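Worksheet: one structure, shown below.
The values are calculated or read from the model by the stated rules, or taken from the named source; none is laboratory data. None of the values given here were measured: they were computed from a predicted structure. Quick reminder, even Gly has a Cβ in these numbers, built from the backbone with ideal geometry, and neighbours come from all protein chains shown.
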Amino acid sequence: MAIPNPYKTYKENTVTQASPAELTLMLYNGALKFIKLAKQGIEEQNIELKNTNIQKTQSIIQELMVTLNTDVEISNNLMRMYDFMFRQLVEANVKNDAKLLDEVEGFLVEFRDTWKEMIQQSRKGVQNGQA
């Protein structure tokens, strides 16, 4: 009988119990983690590490694009930004260009921080009895 991996169980529970807003935050954090690994791959001239992690970041950007609510005006602007970042990731992968990854990372940090602030403000509103 195999003993369940408590870390794996914890991760699965974290994802399955997270709100949509928290899942989006997790996506941003994951993308940032993979960009750091891709930059490490470029620095170490490890093409596999770079390529794998850029592709993971691209997958996250695609997920963010697919989940946008296109009925909301700001979504069109976000879609253009996500598309721009996706194209920058492709170019960074082809050219081994860490500066392009830095640019995408900067946007993702801003999006992540804004999203995190929105979640915190929403929680404060709920705690103060506002909906």
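What the table shows:
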quantity	calculated
Within segment 110-131, considering residues that are modelled with pLDDT of 95 or more and loosely packed, with under 14 Cβ neighbours inside 10 Å, the one farthest from Ile60 (Cα to Cα)	Glu117
Filter pass, Asn46 being exposed (fewer than 14 other Cβ atoms within 10 Å of the Cβ) and either polar (S, T, N, Q) or in contact with a Ser or Thr (Cβ under 6 Å, 6 or more places away or on another chain) (or both)	no
Contacts under 9 angstrom Cβ, first residue in segment 50-63 being in contact (Cβ under 8 Å) with a residue 24 or more places away in the chain, partner not in a helix (DSSP H, G or I), 6 or more apart	Lys50/Glu44; Lys50/Asn96
Residue check for Leu68: among the aliphatic types (A, V, I, L, M), within 17 Å of the chain's Cα centre (by Cα) and not in a helix (DSSP H, G or I)	yes
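So that you can scan it fast, the table gives a plain yes or no per residue for (1) at pLDDT below 95; (2) out of contact with any helix residue (DSSP H, G or I) (no Cβ under 8 Å at 6 or more places or on another chain); (3) on the phi < 0 side of the Ramachandran plot:
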site: Tyr28; (1), (2), (3): no, no, yes
site: Leu37; (1), (2), (3): no, no, yes
site: Asn77; (1), (2), (3): yes, yes, yes
site: Arg80; (1), (2), (3): no, yes, yes
site: Asp97; (1), (2), (3): no, no, yes
